[in-house]
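What follows is a set of notes on a single structure, which appears directly below.
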Amino acid sequence: MRSKEHKTIKNVGYVLLKWKAEFANRVMFPIKYSTFWSLWRQVQTALGMREHIKVYSIRVGAGSRLHGVFEPAFWNYILGNTTTVYEKSYIPDENAPIYPTAEDYNNIKSRKDITALRREVEEMKAKLRLEADITALRKLAVTVRRRKYFAEADRLRSLGVPTVSLWASAGSKRTTSRYSRSVPDAVHIGRLMQESEQQDEEFETEYFESFTAFLHNIHSRGASVSADDLDGPKNNKPECLLCGLSCAHRSSLTRHVGRAHEKNFARPFHCPECSRQRLKPVLITGKSHWSNHVAKQHSKANVPNFPSEILRDKGPVRRA
């Protein structure tokens, strides 16, 4: 209350508490009504109240302060109630129960819904333990395989023998995750975003269908997705073997390679598709080498259609 709102009360002794101006309209401590009501109910429970009452009803509780101070007749005179009404409505009973008994606990535990939930919890715990054990065993298996791999690789390198023979046993495919259904759509979205030549109605429909499926963690075609599908969609459209982009036709593939991968041919590089297929490494020295190699080793459908004058018959250089 503001100090200016205080009025002098005659014949009453009190201490006037003056508020600083900056605290006149400030809330002392903010609290949500739900939190306040929860605390207020707990206070009433601890005080032995028969029923939980609203805050404004506390005015009625002022009558309970007469208990033990005056005689019952005087209580009735002040409050205008009978002794029975006073004892029922104004006097709290500290002996009222506050905590559930052991019998209450047993009855609660024996409920069918609680029993069913307990079984679900135990099954969930068992499943989590199983997944944790499987994950730990997988990591241990990889650790053992890596230890053997490096030991054998070091032995072969010390003898001057290539380690290509170890690649097949190294294991390269990851296990499918819970997001594996949406991964193909995520890859497809990336390819569509890079395919700038096909901005038509069909392109927009395919793009938004894939994007929606990705957000819902489902496959846009409704079919199951295997681990091999994660490498990209299997179709007859030409594909850039440098980045995996699926193009509408060979002309768009040629434009894409010329725009996006011109820098790749500035210096020799190893064929990424051979690495993915675990074939013998091939060193590409130019566009003609790349086109000839793709046509002979992978697929003619994926060969960029460069001008014929730059496609001289130079085979790819294989590393010894």
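The values are calculated or read from the model by the stated rules, or taken from the named source; none is laboratory data. Because the structure is predicted, anything quoted here is derived from the model rather than measured. Note: ideal-geometry Cβ built from the backbone for every residue, glycine included; neighbour counts use all protein chains shown.
A single member of ALA46, ALA62 is modelled with pLDDT under 85 and surrounded by 10 or more Cβ atoms within 10 Å (Cβ to Cβ), and it is ALA62. Just so you know, in the stretch 251-265 the residues that are in a helix (DSSP H, G or I) and without any contact (Cβ under 8 Å) to a residue 40 or more places away in the chain include one that is surrounded by the most Cβ atoms within 10 Å (Cβ to Cβ), and it is PHE265. Cβ separations smaller than 9 Å between residues 6+ apart or across chains give the following pairs from the stretch 97-112 residues that are surrounded by 10 or more Cβ atoms within 10 Å (Cβ to Cβ) to residues that are assigned to a helix (DSSP H, G or I): ILE98/THR45; ILE98/ALA46; PRO100/ILE108; ILE108/ILE114; LYS109/THR115; LYS109/ARG118.
Got at least one residue in the stretch 158-174 being part of a helix (DSSP H, G or I), out of contact with any His (no Cβ under 6 Å at 6 or more places or on another chain) and among the basic types (Lys, Arg)? No, the stretch 158-174 contains no residue that is part of a helix (DSSP H, G or I), out of contact with any His (no Cβ under 6 Å at 6 or more places or on another chain) and among the basic types (Lys, Arg).
Report whether or not GLU51 is assigned to a loop (DSSP other than H, G, I, E, B) and at pLDDT 65 or above. Spelling it out, GLU51 is indeed assigned to a loop (DSSP other than H, G, I, E, B) and at pLDDT 65 or above.
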